[in-house]
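What follows is a single structure, written as structure tokens, with notes after it.
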Amino acid sequence: MSGQKKCLLLFTSYLGLLAETSPAHAAVNRHTKPKPHAAKHAASVPQKPSTPESVSVTASRLTSHGMEQTITRKTMDAFVPGTSPLQVLSATTPGVSFASDDPFGMDTWANTFYIRGYTQSQIGITLDGIPLGDGQFINASGLDINQAVIQDNIGHVDMSQGGGALDVNSITNLGGALQYYTADPRDKMGGDISQTFGSNSTYRTFAKFESGILNHTGTKFSASYARTDAGKWKGVGDQFEQQANFKIIQPLGTRGKISGFFNYSEFDQYNYSDLSLEIIQKMGAAS
């Protein structure tokens, strides 16, 4: 059995070369003395105007920045509430693979995630620009995205499948990059409530309150809570998690904004026992 409590506080060409020569008026008028017998007709024959010649040279250079894709909130809303964003990436993006032993993807012990063969320890992962580390089981260098923020509060995800961008604040090898961004509070007061039920006594509750704009400076905040309790499909025990998120935004006119984000996560889980063909042959397939 593993139990973890986490708190997270975040404050936060086209290039073208164009060379063009000036029109070169290269027409040359050659005046020759008319022959005596043609002198009568010289004045009556109209002269064709000279046509100027111009030469232009254009070159361009395009720089590739690798493949970067954005997973929007609308895409994530098409999945069951609480589904791990890693599962959403796997289901919507070629070259991405995710596997877990539970439907929500909460079990970091069993989770495996790859981007074109690179594992989580080789991918740069950030939340609002803050590095999260590799997000693997009981790691000392970061936090799994499912524990860092409630899935419903992720605004969008930017994913680079090639070498991660140099501006990613990563503490791991950059075989790719995942940049998560939390959604800003809305301008109008309101809220969201969702309830999910499933097999094995599974249920999940999510509630969120939006303050709307509070004053003439544009201050606004949101507060949310999520509770997930899922029974195991094999063996005894359950997978339990509850989280609370709070975000506040203070605009600074046209100069930008100041934002603060707080996350509390309590995660208690009975991990699934490792299975192998040898174990099944000796002890049987029953739990």
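Observations on the structure shown:
- Backbone N atoms of segment 77-120 closer than 11 Å to the 7 Å Cα→Cβ label point of N173 belong to residues 118-120.
- Relative contact order for segment 167-211, counting Cα pairs under 8 Å that sit 6 or more residues apart, in percent: 34
- Inverting the pair-averaged 1/r between distinct Cα atoms of segment 107-152 gives 11.0 Å as its Kirkwood hydrodynamic radius.
- Rg/Rg_globular for segment 203-286, with Rg_globular taken as 2.2 N^0.38 Å and Rg from C-alpha atoms: 1.85
- Using the Cβ of V168 as centre and a radius below 13 Å, the other residues enclosed give a net charge of -4, where K and R count +1 and D and E count -1.
- D by Stokes-Einstein for segment 161-259, Kirkwood Rh over Cα pairs, 37 °C, 0.692 mPa s: 193 µm²/s.
- As a proxy for reagent exposure, ranking I279, I145, I123 by other Cβ atoms within 10 Å from fewest up yields I279, I145, I123.
Read-outs throughout are calculated quantities, based only on the coordinates presented, and are distinct from any laboratory measurement. Since the structure is predicted, the reported quantities are computational estimates derived from the model, not experimental observations. Every residue, glycine as well, gets a Cβ built from its backbone with ideal geometry; the counts of neighbours run over all protein chains shown.
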